[in-house]
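Asks: Sending over a structure as structure tokens; questions will come in a sec.
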Amino acid sequence: MSLYEFWDYLVPGVALGALYAVIAIGYTLVYGVLQLINFAHSEVFMLGGFGSLIVLTAITPAHPSALGSVLLVLAGLVVSALVGGATAFGLEKVAYRPLRRRGAPKLIFLISAIGASFFLYNLAGKLFGRDPLPMPHLYDNNVVFTLFGARVTITQLLLLGCALAMMAGLDLLVNRTRLGAGIRALAQDAETASLMGVDTDRVISRTFLIGGLMGGVAGFLFGLNTQVSFTMGFNPGITAFAAAVLGGVGSIRGAMLGGLLLGLVENFDVPLFGEEWRYAAAFVVLVAVLMFRPTGILGVKLGRAA
Amino acid sequence: MLRKRLLQTAAPLVVGLLALTGCTKGDDQASADGKKLFKIAYEGPLTGENAALGAHMENGVKLAIQQANAKGDLPFTLQYVPGDDTGSADQAPAAAQKIIDDDAVIATIGPAFSAPTKAVGQLYSQANLLALTASASSPSLTTLGFTSFLRGIPNDNAQGGGMAVYYAKKLKAKKVFLVDDKTEYGVGLSAVAENDLKKAGVQVVRESVPQKTPDYTAVATEAKNSGADALIYAGFYADAAPFAKKLKEAGFDKPKIASDGTNDKKFVELAGGAAEGWLLTCPCVDPTVEPGIKKFTEDYKAAFKVDPGTYSAESYDATNLVIEQLKALGTGATRESLLAAVKKADYKGLTKRYHFDEKGEFPDKAAFLYQVENGKIVYKGDINVLAGS
Amino acid sequence: MSTVLQDRPKTVVVDVARLRRTRWHQQPRWRRLGALLALGALLTVMTGEQGSGKDLLYSLRGSLTSGRLWAFLGLGVAAWLLAELGAPVRTALRRAVRPAARARTWAAERRAVRLGGVLVVLALLIFVPLTLSKATNQVLVDWVGIYVLLALGLNVVIGWAGLLDLGFVAFFAIGGYSAAFWTGRLPVQPPVHLNPFLVIPVAMATCLVAGVLLGGPTLRLRGDYLAIVTLGFHEVIYLVAKNSDGLTGGSMGVFGIPHFSIDLGPIQYRWKLDPLDYWWLLLGLVVAVVLVLRRLEHSKVGRTWIAIREDEVAAAAHGVDTVRYKLMAFAIGASTSGAAGVVYASKVGFINPENFPLLYSVLVLAYVIFGGMGSVPGVLLGAGLLAWLPHALKDVVDQKDRFMYLGALLVAMMIYRPQGLLPARRRTSGGAK
């Protein structure tokens, strides 16, 4: 692989990695406050894609102007965020809160999550048809500039920009606000946090909401990059989940790092081993990292032992 | 403690099993108007990933049966039976067995896909029930010893070979970038194409991209960097569309050809402008363009409110072939006698002449070329003729 | 610390929440009404027409303007009224159920009755399929029998040892491909060709080794990490099956795996395409596995697993070699799965990588939890029922919606009966409060 080609694979790798990072944050946030793998997060992502698709299909004219394109993309972002947030919020209320009230074992949460995931993606398939659908044509996906010969397109910039903005916002939120303090407190010790006056239910609800907002936006961006279908959540969901674990589940910066790393691994895998080994390469990296750091790259204290 | 639980298991299980027993029903051999009833089944994907493709074929079968019944000159009544194998091998035995169990079923159109065919070919053979596929094109199917399996379509050798001929002879390509989707269909087809291209002295770069890959950018980049002067995609439209988009973004502007799994309106809808100029092959003719089958298209539209799709006309033909033979045999027809009759049949359908060699293979090799022009899939004609061979 | 089954004391959290003042719409009564109305709307949407990509809102619009919406909302209100005002009804219901429960306890305490019950069930399982259609028998073998065997294996790993394994079907695949290899159907030839019967122990051994190879380095990981690693293991096995054309036949699959046969002098029997033969074979395997597992459960090994599951640190402190026992659970579960793979491959005669998707690993897990984790009868019943359900639903609901209903069922089950259909005794008292 020449240096020239290196940049060719780096650019899409970073863009895809940013997308994975945004989804992975959804997993890691929920894991932080509930120690739960929110298996249904991939459906939040999928529904975010569908939400923006429905609205954009309705409002997009045949040939949007430049300003129109910008507004349409903004509309897509807002709608997908709202739908994703609402889905995650509802999911927590229906599928997890009753279990939490009862103090059910973790596995029960996991199965509930799997059930919710099955339900949601099949419901979406029923409601919106089972064929993939294209996002309306919002803009010509032209090359903006070339980076050492690699073409950088509008969609890739959009992906990266949105991901960076969301991650920066989240970082601020978690580290600077009262809600963020609640999230951190809950992640460290739920019981003590609740005794110290943290409204556990509310913090958990909002955590889901934030993860959902980001997951929904990721769904829209993914749809813009490829297409929308009721099964679109599965593969990116698994990879993002792996990314969260790779970075150290529960750690937000870890999720970003893990997502980026897996995006790169998946892209460089194509010239090195062949596209058909995409997922295998990602998992081999994951296992290799876990061998040496059993709690992930940035993973810290987790639970009491081992 | 454990035993108590075991006992608790007993009650619902017994009830369930008894309920199951109650479900097995006898067959009614006579229809409402007192005529003998024959059923024609279709086995293919009615749900799951490939449900859209399956629906095209199902409608073709249904239409043939409806028309035959409506004509009123049959000594028996025909009825349609669906069998949903979701296009996958693991669902196929139950679906096929359900068809076979129904004694009134006299023939099956299907299985639609190759992997399910491998899983159930023996079941059909054992039951002496004709399984006439209108779409399963893996060349190996007729070599596996199935005695009741017939293929009503040229196999992948024709299509893969057609692509190779077109590139080698017509475009004089030096290097072809060949992509399959890692399904049985895609891999089989691209193996044929690779073989034929190499025989013609064309260099081949082969890459496999599994279905539902989240991002095709990397492989599109590879296609461009490989320096190939033509590209083949063997797979289905749901994956071909994002691939086409990424190829365009990567700046790959060489000729591109895709197989019949991509030859669907949906490909153009999904890929938008990126689909423009793509060549598409199919062992099938276009029912909306080919003269002489306009009436079929109109009837189909009237019955199902949609245009016929890939393999609709072929399924319609296959069903009519069965009905014709059945009519000749009359009400005394059995699965065995129908199977024997169809094996020897020589039938002129809408799309082509149907006959079978001793293995049940379709002996004529034909593949047709289409191209996406201005957002429409336009029929070009026989690929071998176009390539000038 | 046991990972999967760890509880966190929630009572404190709940009490604190209770101290806060509630407004009217936060009162349980009105919340219940709201929930029931929402459920009614959801059911309306679920039972609507199939949508289409052409008009995205077609199905939703149809459902929400139909009379069904009002019917479901009405039902919701009726259910709410019954819950609010129906105290006498509920008492009456409870009273009506009591004799049945008493009879059950009576029967459960008598060994002869229990044994008789088991024998009756076994007899029914042997003879009833004779009267069923062949299509039903295909489902019984391909889905119910095979998945019961898989669930039994997974139950050891997750129910007893408490290890969250999301890649269990990988071992099923290894079993299937072992059958193909030892009968000489893969591109690589085996040293000797074996009868499928002989492949079973070989495949079990292969899976055992694979289980140890996977478990050795990964079992020191915590539960959720183990989950993703096992999931990755499945993905890798699946990709090897799919991509290594020279080794496994790749996407084209493997055709012509021979049927079982017995050839011992005077005793000769050949299994054929008939699903019944395979049903009895599977039934025999299941009974054998259950007998072995029952011995294990009440042995030192079984108790050690429970100890590890409940509190790994405490178990280790008591001198238990936790890694060894965890490995053992992993290997035993894996080998059961391997046996199932051999039977499946031989029965259908054809396997391809698509027989072993990731989805099925998740499904088996759901079956185990649904039946009752750690309880052998529960797992038998849960896996049997859930594996059979999609095929039963085939005629009742729109085929395309089967998994939607399955998902809804799982969520509802976890909310109202998280311990499973037939929970293990130890779990009812401790685990799921």
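The values are calculated or read from the model by the stated rules, or taken from the named source; none is laboratory data. What you see is a predicted model, and the numbers here were worked out from it, not measured in a lab. No Cβ is skipped: glycine too gets one built from the backbone with ideal geometry, and neighbour counts run over all protein chains shown.
Asks: Filter the stretch B:62-88 for residues that are within 14 Å of another protein chain (Cβ to nearest Cβ) and of a type in the set (Ser, Thr, Tyr); which is nearest to B:Gly34 (Cα to Cα)?
Replies: Within the stretch B:62-88, the subset within 14 Å of another protein chain (Cβ to nearest Cβ) is B:81-88.
If we keep only those that are of a type in the set (Ser, Thr, Tyr) too, we end up with B:86, B:88.
Numbers: B:Thr86: 35, B:Ser88: 38 Å.
In this case the residue turns out to be B:Thr86.
Asks: Additional query: Which residue is nearest to B:Asp357 (Cα to Cα), if the candidates are limited to the stretch B:162-171 and must be surrounded by fewer than 24 Cβ atoms within 10 Å (Cβ to Cβ) and of a type outside the set (Lys, Arg)? Walk me through how you get there before you give the answer.
Replies: At the first step, the residues of the stretch B:162-171 found to be surrounded by fewer than 24 Cβ atoms within 10 Å (Cβ to Cβ) are B:165, B:168-171.
Among the residues that remain, those that are also of a type outside the set (Lys, Arg) are: B:165, B:168, B:171.
Working: B:Val165: 25, B:Ala168: 30, B:Leu171: 33 Å.
Selected residue: B:Val165.
Asks: Name the one entry in B:Ala244, B:Ala240, B:Ala274 that is more than 8 Å from chain A (Cβ to nearest Cβ), touching a strand residue (DSSP E or B) at 6+ places or on another chain (Cβ under 6 Å) and of a type in the set (A, V, I, L, M).
Replies: Working: B:Ala244 fails: touching a strand residue (DSSP E or B) at 6+ places or on another chain (Cβ under 6 Å); B:Ala274 fails: touching a strand residue (DSSP E or B) at 6+ places or on another chain (Cβ under 6 Å).
None of the other options fit; the residue is B:Ala240.
Asks: Oh, and also: Going by the structure shown, is C:Phe233 more than 29 Å from B:Val187 (Cα to Cα) and among the aromatic types (Phe, Trp, Tyr)? So that I can check it myself, show each step before the final result.
Replies: Values: more than 29 Å from B:Val187 (Cα to Cα): no; among the aromatic types (Phe, Trp, Tyr): yes.
Against the criterion (more than 29 Å from B:Val187 (Cα to Cα) and among the aromatic types (Phe, Trp, Tyr)), C:Phe233 does not qualify.
Asks: Sort out which residues of the stretch A:203-237 are touching a residue at least 60 places away in the same chain (Cβ under 8 Å) and among the β-branched types (Val, Ile, Thr), and write them in order of number.
Replies: Residues of the stretch A:203-237 touching a residue at least 60 places away in the same chain (Cβ under 8 Å): A:203-205, A:207-225, A:227-234, A:236-237.
Listed by number, the residues that qualify are A:Val203, A:Ile204, A:Thr207, A:Ile210, A:Val217, A:Val228, A:Thr231.
Asks: If you don't mind, there's one more thing I want to ask. Confirm whether C:Gly145 is at the interface with chain B (Cβ under 9 Å from one of its Cβ atoms) and in a helix (DSSP H, G or I). First the steps, then the outcome.
Replies: On the way: at the interface with chain B (Cβ under 9 Å from one of its Cβ atoms): no; in a helix (DSSP H, G or I): yes.
For C:Gly145, the condition - at the interface with chain B (Cβ under 9 Å from one of its Cβ atoms) and in a helix (DSSP H, G or I) - is not met.
Asks: Restricting the search to the stretch C:165-186, which residues are within 14 Å of the chain's Cα centre (by Cα) and either over 24 Å from C:Ala315 (Cβ atoms) or surrounded by fewer than 24 Cβ atoms within 10 Å (Cβ to Cβ) (or both)?
Replies: Looking only at the stretch C:165-186, we keep the residues that are within 14 Å of the chain's Cα centre (by Cα), and these are C:165-169, C:172.
Selection gives C:Gly167, C:Val169, C:Phe172.
Asks: Another question about this same structure. For the stretch A:205-254, which residues satisfy the criterion of being aromatic (Phe, Trp, Tyr) and surrounded by 24 or more Cβ atoms within 10 Å (Cβ to Cβ)?
Replies: If we filter the stretch A:205-254 for residues that are aromatic (Phe, Trp, Tyr), which is where we start, we get A:208, A:220, A:222, A:230, A:234, A:241.
Of everything in the stretch A:205-254, those that are aromatic (Phe, Trp, Tyr) and surrounded by 24 or more Cβ atoms within 10 Å (Cβ to Cβ) turn out to be A:Phe208, A:Phe220, A:Phe222, A:Phe230, A:Phe241.
Asks: Moving on to the next point. Scan the stretch A:158-181 and give yes if some residue there is modelled with pLDDT of 90 or more, part of a helix (DSSP H, G or I) and more than 23 Å from the chain's Cα centre (by Cα), otherwise no.
Replies: Yes, the conditions are met somewhere in the stretch A:158-181.
Asks: Still on this structure, please answer the following. List the residue pairs whose Cβ atoms are under 9 Å apart, where the first residue sits in the stretch A:238-263 and is charged (D, E, K, R), the second is buried (at least 24 other Cβ atoms within 10 Å of the Cβ), and the two are 6 or more positions apart or on different chains.
Replies: If the second residue must be buried (at least 24 other Cβ atoms within 10 Å of the Cβ), the pairs left are A:Arg253/A:Gly247.
Asks: Same structure again: Looking only at the stretch C:290-320, filter to residues that are of a type outside the set (A, V, I, L, M, F, W, C) and within 14 Å of chain A (Cβ to nearest Cβ); which one of those is nearest to C:Leu150 (Cα to Cα)? I'd like the intermediate steps shown before the answer.
Replies: First, the residues of the stretch C:290-320 that are of a type outside the set (A, V, I, L, M, F, W, C): C:294-295, C:297-300, C:302-304, C:309-312, C:318-319.
Now restrict to residues that are within 14 Å of chain A (Cβ to nearest Cβ): C:309-312.
Numbers: C:Arg309: 21, C:Glu310: 24, C:Asp311: 26, C:Glu312: 26 Å.
Going through the qualifying residues, I end up with C:Arg309.
Asks: So, one more: Is it true that some residue in the stretch C:304-327 is touching a residue at least 60 places away in the same chain (Cβ under 8 Å), over 18 Å from C:Gly223 (Cβ atoms) and part of a helix (DSSP H, G or I)?
Replies: Within the stretch C:304-327, none of the residues are touching a residue at least 60 places away in the same chain (Cβ under 8 Å), over 18 Å from C:Gly223 (Cβ atoms) and part of a helix (DSSP H, G or I).
Asks: Report yes if some residue within the stretch C:156-163 is buried (at least 17 other Cβ atoms within 10 Å of the Cβ), part of a helix (DSSP H, G or I), among the small types (Gly, Ala, Ser) and at the interface with chain B (Cβ under 10 Å from one of its Cβ atoms); otherwise report no. Walk me through how you get there before you give the answer.
Replies: Within the stretch C:156-163, the subset buried (at least 17 other Cβ atoms within 10 Å of the Cβ) is C:156-163.
In the following step, the residues that additionally are part of a helix (DSSP H, G or I) were identified as C:156-160.
Right, trim to among the small types (Gly, Ala, Ser) and you get C:159.
If we keep only those that are at the interface with chain B (Cβ under 10 Å from one of its Cβ atoms) too, we end up with none.
No, the stretch C:156-163 has no match at all.
Asks: Being surrounded by fewer than 16 Cβ atoms within 10 Å (Cβ to Cβ), within 12 Å of another protein chain (Cβ to nearest Cβ) and modelled with pLDDT under 70 narrows it down to one residue among C:Thr47, C:Thr11, C:Thr3; which is it? Give the steps one after another, and end with the answer.
Replies: Values: C:Thr47 fails: modelled with pLDDT under 70; C:Thr3 fails: surrounded by fewer than 16 Cβ atoms within 10 Å (Cβ to Cβ).
Of the residues listed, the single one that is surrounded by fewer than 16 Cβ atoms within 10 Å (Cβ to Cβ), within 12 Å of another protein chain (Cβ to nearest Cβ) and modelled with pLDDT under 70 is C:Thr11.
Asks: A follow-up question, please. Which number in (1) of a type in the set (A, V, I, L, M); (2) more than 14 Å from chain A (Cβ to nearest Cβ); (3) touching a residue at least 40 places away in the same chain (Cβ under 8 Å); (4) part of a helix (DSSP H, G or I) marks the one condition that C:Leu422 misses?
Replies: (4)
Asks: A follow-up question, please. If you go through the stretch A:57-88, how many residues are within 14 Å of chain C (Cβ to nearest Cβ) and at pLDDT 95 or above? So that I can check it myself, show each step before the final result.
Replies: Step one: filter the stretch A:57-88 for residues within 14 Å of chain C (Cβ to nearest Cβ), giving A:57-60, A:79, A:83, A:86-87.
Checking which are at pLDDT 95 or above leaves us with A:79, A:83, A:86-87.
Summing the residues that are within 14 Å of chain C (Cβ to nearest Cβ) and at pLDDT 95 or above in the stretch A:57-88 gives 4.
Asks: Answer with yes or no whether C:Trp80 is assigned to a helix (DSSP H, G or I) and farther than 30 Å from C:Asp277 by Cα. Lay out the reasoning, then the answer.
Replies: Values: assigned to a helix (DSSP H, G or I): yes; farther than 30 Å from C:Asp277 by Cα: yes.
Spelling it out, C:Trp80 is indeed assigned to a helix (DSSP H, G or I) and farther than 30 Å from C:Asp277 by Cα.
Asks: Being buried (at least 18 other Cβ atoms within 10 Å of the Cβ), modelled with pLDDT of 95 or more and among the aromatic types (Phe, Trp, Tyr) is true for just one of A:Phe50, A:Phe39. Which residue is that? Steps first, answer last, please.
Replies: Details: A:Phe39 fails: modelled with pLDDT of 95 or more.
Every option except A:Phe50 fails the conditions.
Asks: Check the stretch C:201-213 and report whether any residue there is within 12 Å of chain A (Cβ to nearest Cβ) and either touching a helix residue (DSSP H, G or I) at 6+ places or on another chain (Cβ under 8 Å) or modelled with pLDDT of 95 or more (or both).
Replies: no
Asks: Which one of these does B:Tyr233 not meet: (1) at the interface with chain A (Cβ under 10 Å from one of its Cβ atoms); (2) under 22 Å from B:Pro139 (Cα atoms)?
Replies: Single failed check for B:Tyr233: (1).
Asks: So, B:Ala328, is that one loosely packed, with under 15 Cβ neighbours inside 10 Å and either closer than 18 Å to B:Tyr311 by Cβ or in the same structural domain as B:Thr77 (by TED's automatic domain parsing) (or both) or not? Spell out the reasoning first.
Replies: Numbers: loosely packed, with under 15 Cβ neighbours inside 10 Å: yes; either closer than 18 Å to B:Tyr311 by Cβ or in the same structural domain as B:Thr77 (by TED's automatic domain parsing) (or both): yes.
When the stated conditions are applied, B:Ala328 passes them.
Asks: While we're on this one: When you go through C:Leu363, C:Leu410 one by one, which is the residue that is touching a Phe, Trp or Tyr at 6+ places or on another chain (Cβ under 9 Å), within 8 Å of another protein chain (Cβ to nearest Cβ) and part of a helix (DSSP H, G or I)? Don't jump to the end; show me each part of the working.
Replies: Working: C:Leu363 fails: within 8 Å of another protein chain (Cβ to nearest Cβ).
Residue meeting the stated conditions: C:Leu410.
Asks: Then there is this: Across the stretch B:53-81, what is the total count of residues that are in contact with a Lys or Arg (Cβ under 7 Å, 6 or more places away or on another chain) and part of a helix (DSSP H, G or I)?
Replies: Of the residues in the stretch B:53-81, 0 are in contact with a Lys or Arg (Cβ under 7 Å, 6 or more places away or on another chain) and part of a helix (DSSP H, G or I).
Asks: With farther than 27 Å from B:Glu336 by Cβ, within 13 Å of chain A (Cβ to nearest Cβ), surrounded by 20 or more Cβ atoms within 10 Å (Cβ to Cβ) and within 18 Å of the chain's Cα centre (by Cα) as the only criterion, which of B:Val187, B:Val209, B:Val219, B:Val179 stands out? Walk me through how you get there before you give the answer.
Replies: Values: B:Val209 fails: within 18 Å of the chain's Cα centre (by Cα); B:Val219 fails: within 18 Å of the chain's Cα centre (by Cα); B:Val179 fails: within 18 Å of the chain's Cα centre (by Cα).
Checking each option against the conditions leaves just B:Val187.
Asks: Continuing with this model, one more query. Give the stretch A:93-124 a look and list any residue that's of a type in the set (Phe, Trp, Tyr), more than 7 Å from every other protein chain (Cβ to nearest Cβ) and buried (at least 24 other Cβ atoms within 10 Å of the Cβ), or say none. So that I can check it myself, show each step before the final result.
Replies: Initially, the stretch A:93-124 is screened for residues of a type in the set (Phe, Trp, Tyr), giving A:96, A:109, A:118-119, A:121.
Remaining after also requiring more than 7 Å from every other protein chain (Cβ to nearest Cβ): A:96, A:109, A:121.
Those that are of a type in the set (Phe, Trp, Tyr), more than 7 Å from every other protein chain (Cβ to nearest Cβ) and buried (at least 24 other Cβ atoms within 10 Å of the Cβ): A:Tyr96, A:Tyr121.
Asks: Just one of B:Phe252, B:Phe243 is in contact (Cβ under 8 Å) with a residue 12 or more places away in the chain, among the aromatic types (Phe, Trp, Tyr) and crowded, with 23+ Cβ neighbours inside 10 Å; which is it? Give the derivation first.
Replies: Values: B:Phe252 fails: crowded, with 23+ Cβ neighbours inside 10 Å.
Of B:Phe252, B:Phe243, the one residue that is in contact (Cβ under 8 Å) with a residue 12 or more places away in the chain, among the aromatic types (Phe, Trp, Tyr) and crowded, with 23+ Cβ neighbours inside 10 Å is B:Phe243.
Asks: In this structure, does C:Leu385 turn out to be part of a helix (DSSP H, G or I), modelled with pLDDT of 90 or more and surrounded by fewer than 24 Cβ atoms within 10 Å (Cβ to Cβ)?
Replies: yes
Asks: Could you list, in sequence order, the residues of the stretch C:219-230 that are within 7 Å of chain A (Cβ to nearest Cβ), part of a helix (DSSP H, G or I) and either surrounded by fewer than 22 Cβ atoms within 10 Å (Cβ to Cβ) or at pLDDT 85 or above (or both)?
Replies: C:Val229
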